[in-house]
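Q: Here's a structure for you.
The values are calculated or read from the model by the stated rules, or taken from the named source; none is laboratory data. Small disclaimer: the values here were computed from a predicted structure and weren't measured. As a convention, Cβ positions derive from the backbone with ideal geometry for all residues, glycine included, and neighbour counts pool all protein chains shown. Just so you know, the surface numbers come from the protein's heavy atoms only, side chains and all, with ligands and any DNA or RNA stripped out. Shrake-Rupley method; radii C 1.70, N 1.55, O 1.52, S 1.80 Å.
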Amino acid sequence: MTNNGEDIPLHHSSKTFDRGDSAVADSRPFNSPREDVATCKENSSALKVSACKAEGDLSPYQPRPPPQPRRPKPGKSDSAEDTVRTRRLRNSQESLSDPTETGSSSDSLRDDQTAAAPGGPCAGGCPGVRNLQDSNGRSLSTFTTGSHVFRDRGSSLSEYERRPRSQQSDGTEQRVRSAKVRLSPVQHTGTLPALEMRFASANLRAANRIDRDCLDYAVLAREREKLHRNLSDSRLLESMGSDCASVSSMRSTYSVLSPIRPQDVRNRSFLEGSLLGGGALLGSEELDRYFPDRKVGVYITTWNMQGEKGLPDNLDDLLLPTDSEFAQDFYVIGVQEGCPDRREWETRLQETLGPHYVMLYAASHGVLYLTVFVRRDLIWFCSEVEHATVTTRIISQIKTKGAVGVAFVFFGTSFLFITSHFTSGDAKVYERILDYNKIIEALALPKGLPDTNPYRSTPSDVTTRFDQVFWFGDFNFRLSKERAEVENILSRIAGGEMSPLLEHDQLTKEINDGSIFKGFLEAPIRFLPTYKFDVGCDVYDTTSKQRTPSYTDRILFKSRQAEDIKVVKYRSCSAIKTSDHRPVIGVFQVKLRPGRDNIPLCAGQFDRGLYLEGIRRRITRELKRREAMKNQGSSTICTIA
């Protein structure tokens, strides 16, 4: 502060004046110093700012509510002056109570202090008044009132004001600070409402309900509380107001997997498992985490390709039909009289299924091909894969008829897939029964895989050694009717009711008699006969042989436990017309059981070269399609007027 052109150092005075101290006068016109002192004492709730000479630095501001004396009725002489003071008090309180009007509050304080003069009655201090200094060295005197703004000031002091007086800087540092008085924000005195953690976040859910176990994370968190304390972000996540699904997804990289004790890694040989498989690598905990319903989807297709070299331009209708809502976990494709280039066929399958699937195994017997694809996320739960072949020809070197089987264990459920091609001919039913009996006796499976239920196995029948068995192929069983009669029945069939035709089906009759496929079941047939068509059209055989339409291509299934296999779909694929046979498609839901530690795992092995080639072809095909669309969009048609 400057007085008569000279810089006068400002000092803070913490002492208060009694009623007799009247050495300081206010610059505003007052009636008398005695009257001002009396007015200051009587109006302790009014706000008055005066410029005071002080010695020392700014002291910590600790407001204290003053006593509330009774105010006598003002006389006529000071009614005007009280009116002015009351108006200033109301304006300053309103500006202080509004956090957005801090500028107005400081401006009103600055106006009052410029109007005050040294030597006023409250220069040294009055009851209920504390002295403050701004950065320009001007002293600010403020009343402590009962407002919650003043009550909360003590808890919102700056770090500088909280220091002891010995650690505070001198007046020079104080003057360097902001030239404008900044009031602390108003603190909420009431209790804030509790945040509800009930947000819908269905978009965060993963596919196939893999994250369903995150719903019971609260229980797992209590059991593994000690483990989470070591995480750097655990305290942050506990204080976040977020939905439980997102928090679980952030923690899932650590908390979903069960911890592994070093003692278990040292001592367990993983060749002997508990009876129930509770603590096994493929036990119940792991199974429930990936398959809460304990059901896996299996897609099976069988097709007699007639040995054609040319393949269909698009296999989407064969493997990914449009009437399916979801893709399945396993894709098993059996081919009879396959194309000469088996590798090209497998590459086309990989190209169609895309990067979500890998080829788990492929086996062949002459022109019989059997290929198994699995979702790449599930390959870690498959055992080693075994295969075996059987020829039904008299000369074993001729491999046009016979069977090929592939077996593996998924979690604790053993699977056997067999594709076969039986003897052809309308009247050769007995020969086909012989082919079946030879296959079930000679198919040497399993080899190194454990039998999940040896008490129900029979050495003479391979189908009794596995939990779930699927047998599909060209069985060559025909309809025991003349072609004219069959065509007459077909003309009268409506609504997919094929029972009039199936009454003459040789395979249905032999199954009912118990001479073939003992214990196997077949889904109801509601599609037209799949043999024999003219290539490229939907017309049955028009050659000189005039073969009778028949259901030669079938898919049968068998389970150790009743109702473990549920049929979702069973139909033919009429869009594939490059052969005289129509492919047959079957979609199934198969029940799973937990495994034991005696299952040799495949360790994620698959045909990597085939996988990369299939992805490369998909990219090339997509680029060609985009280029064709671009050229088509940029072409113009010229017209001659």
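Q: Cross-link list Lys532/Lys577; Lys518/Lys545; Lys481/Lys545: which exceed 22 angstrom alpha carbon to alpha carbon?
A: Over 22 Å Cα-Cα: Lys518/Lys545.
Q: So, one more: Determine the percent antiparallel among the DSSP beta bridges restricted to the range 325-441, to the nearest 5.
A: Given both bridge residues lie in the range 325-441, the antiparallel proportion sits at roughly 100 percent.
Q: On average over all directions, what projected area in square nanometres does the range 361-517 have, based on the convex hull of its Cα atoms?
A: Approximately 11.8 nm², given one-decimal rounding.
Q: Whole number please: convex hull volume per residue, Cα atoms of the range 506-561, in Å³.
A: 101 Å³
Q: Averaging over every viewing direction, what projected area does the convex hull of the Cα atoms of the range 334-375 cover, in nm²?
A: 2.7 nm²
Q: Any idea of Ser579's accessible area? Nearest 10 Å², probe 1.4 Å.
A: 0 Å²
Q: For Ser414, Ser499, give me the order by solvent-accessible area with a 1.4 Å probe, most accessible first, ignoring ligands, DNA and RNA.
A: So the residues, ranked largest to smallest area, are Ser499, Ser414.
Q: Mean projection of the alpha-carbon convex hull of the range 334-444 over all orientations, in nm²?
A: The Cα convex hull of the range 334-444, projected and averaged over all directions, gives 8.0 nm².
Q: Separate question: What order do Thr452, Thr464, Thr322 take when sorted by accessible area (1.4 Å probe), most exposed first?
A: Accessible-area ranking of Thr452, Thr464, Thr322, largest first: Thr322, Thr452, Thr464.
Q: What spacing in nm lies between the two simple spin-label points modelled at Lys630 and Glu308, each 7 Å away from Cα in the Cβ direction?
A: That separation, rounded to one decimal, is 3.4 nm.
Q: Ordering Ser559, Ser574 from largest to smallest accessible area (1.4 angstrom probe), what's the sequence?
A: Most to least solvent-accessible, the answer reads Ser574, Ser559.
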